[in-house]
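Inspection log for the structure reproduced underneath, given as structure tokens.
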Amino acid sequence: MPDVIRNGAVTPDAWTFVGLGEGFDAAAPLPTGAIVVPLAAWQAQREALLARNESIGVWLAPADDAEALRGDLGRLALIAVQFPKFTDGRGYSTAVLLRRAGYQGELRAFGDLGRDQLFYLSRVGFDAFALREREDLAGAIASLRDFHETYQGSINQPAPLFRRRETAGTTR
Amino acid sequence: MYRYDNYDHSIVADRVAQFRDQTRRYLAGQLTDDEFRPLRLQNGLYIQRQAPMLRVAVPYGMLSSEQLRMLAHIARKYDRGYGHFTTRQNIQYNWPKLEEVPDILADLASVEMHAIQTSGNCIRNITTDHFAGVAPDEHVDPRVLAEILRQWSTFHPEFAFLPRKFKIALSGSDQDRAATLLHDIGLHAVRNESGELGLRVIVGGGMGRTPIIGHVVRDFLPWREMLTYCEAVLRVYNRHGRRDNLYKSRIKILVKALGPQEFTRQVEAEWEFGKGSPSVLTDAEYERIAKHFTRPAYELLPALDPFYVEALADSRAFTKWTERNVHAHQVDGYASVTLSLKKTGLPPGDATAEQMDFVAGLADRYSFGELRVSHEQNLILADVRKRDLFALWLEAKSQGLATPNIGLLTNIVCCPGGDFCSLANAKSIPIAEAIQRRFDDLDYLHDIGELDLNISGCMNSCGHHHVGHIGILGVDKNGAEWYQVSIGGDQGNDAALGHVIGPSFAASQMPEVIEKLIDTYVDVRTEEERFIDTVKRLGVAPFKARVYGSREAVHA
């Protein structure tokens, strides 16, 4: 299984993603172990999955509404947001909505992503990243620090620069 | 004007380093074309017909003379000695080398400039009134809020991959000189009855393939909530805007599909989360930015300067220039001056490196070292003593910058068109030139009076043809270049979209078509009427009859 960047380091990944191919049946039997299921499968088999007493993750496609998980945020060890194309930016708002709703677990971005997306992804609340296969993960980590400062508030730093500037009592 | 502090410098320097590394990885084959494209676009870099094109941001149109000299330097060092000022107050270079762009960005950073988000599906350069801070009809200097918006939108992490580009314009005066009704978000800075500052919020305007006048979604937004409200609008758009069809992906289509009421309801519901958040603006931040936009050290001058009055009496040519290119100012004894980049025979909006250096000198000597770019693609010296106008005119004339045509037919707004742009269906610059040549009689031009003629080489409408009193649109018909003509468009408070008068024309017919439109107007106008007024009074019919009359006779 490919490694992921998690909390700023390259780490192995124990999760198995289910239903990434076309034509997945949400009601089909699911494998055991640490699995990440599509939203539709979670909605169809929620009770059975919770009864397993295992770590469960859900992955969201770009059009999926984060609101659908609102009642379950405390029960999920992983929410993964899919980026089939890195130019489709809906997942950034999905992350904001999940963190705003109080989700504390691992929030992973996966799909057609490279190091050049890491900085923005980390700002909107993602703390784990599964990049394109050919990306050099060790090198990519540096891009989490592409910028030393940011103007606007976001999830990883809710205070915009103008608030921090005021607190520091300095304009440098 | 706004000056960078260490935070701003650090952010722009990090961007230069980031783009240098991205360019290196692209040239080394580590980034594919598809992966690199959005990265370069968000630094203003297009790949065009002849060469790359680099669009440099001029935030809300403000430039210092030092910055303009750097733009001249870049034109000389990395390009072919000129640049093109755009309808969104930016400047474009048509011949840079891809591998040199990081060096250009570094040079720009040294004078507090950049090319950040001048293209791509993100929040673009914030635009505003080119007479901000000096216009007599102004209630609020929009530049403070524009700078706050610039900072907030710069590298906004959530809105870098929107369905499509997103443009915000701001106005703070009676007359809207920033086309706010034709932007994704238009903001009017207003004061309510208690004198509190707020914003009228307009969403979903735009030109392009489906031109739409924006809808007012909120009449009075307290200014401190400007960022939280814009974030709510953008979040609704980012989540629900169409991504399946390029031509239906702007926010105007979403507003239309949901209906302005339902769209507004969704925005207001989303805004509930932003209210009271740390993103609510503070008085301290407003004051910090406002300190950069204090008035320059104006002298106490009489409203009428005797030397100026005498020069008017002496020189008819000077008087003509002041009638068109000199504008009223808030302060007695001062005026604003438009330096026309619309001299016949030169591409509208183009300036050579020598002209840029020269204008920088004019700004230093006559206007506190600052100038503006207007969305009509001219340069403006905002703070000139009336007593200096005659000397300034003589100097500007010597460099071909004193064509007295602001607001007139030959002040053509024009995109680069098929000569440069890979999106264009047809050339636009030669059409502009042919029309300018047909109307080269200054007296006749002044007699025709106020007329906005706008030309776009394709539906993307960078030349704002929809809102030209006369609009010309280049279209492709089986591989040949044709031109569709509309009349009745307008910008400002009475923003209106033009009506197409009929079948399109070949390039060679265009001067004659425009001449017939003007002849019709001259024949039927009342004494006080501008061209646009006559069109509004009589409709398209008489103009159409004149233009197509002979043609139909031939066909019959």
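The values are calculated or read from the model by the stated rules, or taken from the named source; none is laboratory data. What you see is a predicted model; the values in this text were computed from it and never measured. Here the Cβ positions follow ideal geometry from the backbone for every residue, glycine too, while neighbour counts run over all protein chains shown. Note: accessible area is taken over every heavy atom of the protein model, side chains too, but ligands, DNA and RNA are not part of it. Shrake-Rupley method; radii C 1.70, N 1.55, O 1.52, S 1.80 Å.
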ask   = What stretch of chain B, leaving out the sites themselves, is the longest with no chymotrypsin sites (Phe, Trp or Tyr not before Pro) in a DSSP loop having at most 16 other Cβ atoms within 10 Å?
value = B:5-297
key: Ellipticity estimate at 222 nm from DSSP helix runs (n ≥ 4, -39,500 (n - 2.57)) divided over chain B, nearest 500   = -11500 deg cm²/dmol
Whole-number Å³ per residue for the convex hull built on Cα positions in segment B:466-556 = 95
Cβ-derived FRET efficiency at R0 35 Å, residue A:112 paired with residue B:4, nearest 0.05 = 0.50
task = For segment B:317-474, state the average projected area of the convex hull of the C-alpha atoms over all orientations, rounded to one decimal in nm².
result = 9.2
Convex hull (Cα only) mean projected area of segment B:1-78, reported in nm² to one decimal = 6.6
task = Compare the Cα positions of B:313, B:302, B:182 along the charge dipole of chain B (+1 at Cβ of Lys, Arg; -1 at Cβ of Asp, Glu; about the Cα centre) and return the one farthest towards the positive end.
result = B:182
Relative contact order (percent, whole number), segment B:171-267, Cα cutoff 8 Å, 6+ residue spacing = 22
message = Suppose the chain between residue B:21 and residue B:536 were pulled fully straight at 0.36 nm per residue; how much longer would it get relative to their current alpha carbon spacing?
response = 179.9 nm
query = Compactness ratio of chain A: Cα Rg over 2.2 N^0.38 Å, N = residue count?
reply = 1.10
ask   = Under a 1.4 angstrom probe, counting protein chains only, how are A:85, B:275 ranked by accessible area, largest first?
value = A:85, B:275
inquiry  = Can you pull out the GluC sites (Glu not before Pro) in segment B:449-556 whose DSSP state is coil and whose Cβ has at most 16 other Cβ atoms within 10 Å?
reply    = B:450, B:527, B:528, B:529
request  = Please compute the Cα-Cα pair-distance distribution of the protein assembly as shown with 20 Å bins starting at 0, giving whole percents from short to long.
outcome  = 16, 48, 28, 7, 0
task = For the protein assembly as shown, just give the cysteines left without a disulfide-compatible partner, judged by no other Cys Cβ under 4.7 Å.
result = B:122, B:230, B:414, B:421, B:458
ask   = Computed FRET efficiency, Cβ-Cβ of residue B:175 and residue B:303, R0 30 Å: what is it to the nearest 0.05?
value = 0.90
request  = Hey, could you get me the Stokes-Einstein D for segment B:384-446, Kirkwood radius over alpha-carbon pairs, 20 °C and 1.002 mPa s, rounded to whole µm² s⁻¹?
outcome  = 154
message = Among B:173, A:121, B:356, whose Cα projects farthest towards the positive end of the dipole of the protein assembly as shown, with charges put on the beta-carbon of Lys, Arg (+1) and Asp, Glu (-1)?
response = A:121
remark   = Residue span residue B:294 to residue B:258: 0.36 nm per residue of separation minus Cα-Cα distance leaves a gain in nm of 8.7 nm
Per residue accessible area in Å² of the protein assembly as shown, where ligands, DNA and RNA are left out and the probe is 1.4 Å = 38
ask   = Given Cα pairs under 8 Å that are at least 6 residues apart, what percent is the relative contact order of chain B?
value = 12
remark   = In square angstrom to the nearest 100, the accessible surface buried at the B/A interface, both sides summed with a 1.4 Å probe, amounts to 4000
query = Counting other Cβ atoms within 10 Å, which GluC sites (Glu not before Pro) in segment A:39-70 have at most 12 and lie in a DSSP loop?
reply = A:54
message = To check you understand DSSP bridge types, tell me what percent of the beta bridges within chain B (both residues inside) are antiparallel, rounded to 5.
response = 80
key: Computed lengthening from residue A:20 to residue A:34, 0.36 nm per intervening residue step minus Cα-Cα distance   = 3.5 nm
query = Quick one: what do you get for segment B:13-156 if you divide its Cα Rg by 2.2 N^0.38 Å?
reply = 1.08
message = Testing the spin-label approximation: label points 7 Å from Cα along Cα→Cβ at residue B:365 and residue B:196. State their distance in nm.
response = 5.0
remark   = Quick calc of log₁₀ I(q)/I(0), chain B, Debye, one scatterer on every Cα, no solvent, q values 0.06, 0.07, 0.13 1/Å, result -0.29, -0.39, -1.47
key: Total charge dipole magnitude, chain B, about the Cα centre, Cβ charges on Lys, Arg, Asp, Glu only, Debye to nearest 20   = 1700
remark   = Quick calc: nm separation of the 7 Å Cα→Cβ label points for residue B:220 and residue B:419 -> 5.0
request  = Round to the nearest 0.05 the FRET efficiency obtained for residue B:398 and residue B:110 when R0 = 35 Å and r is the Cβ-Cβ distance.
outcome  = 0.70
For segment A:4-168: relative contact order, % (alpha-carbon pairs under 8 angstrom, 6 or more apart) = 19
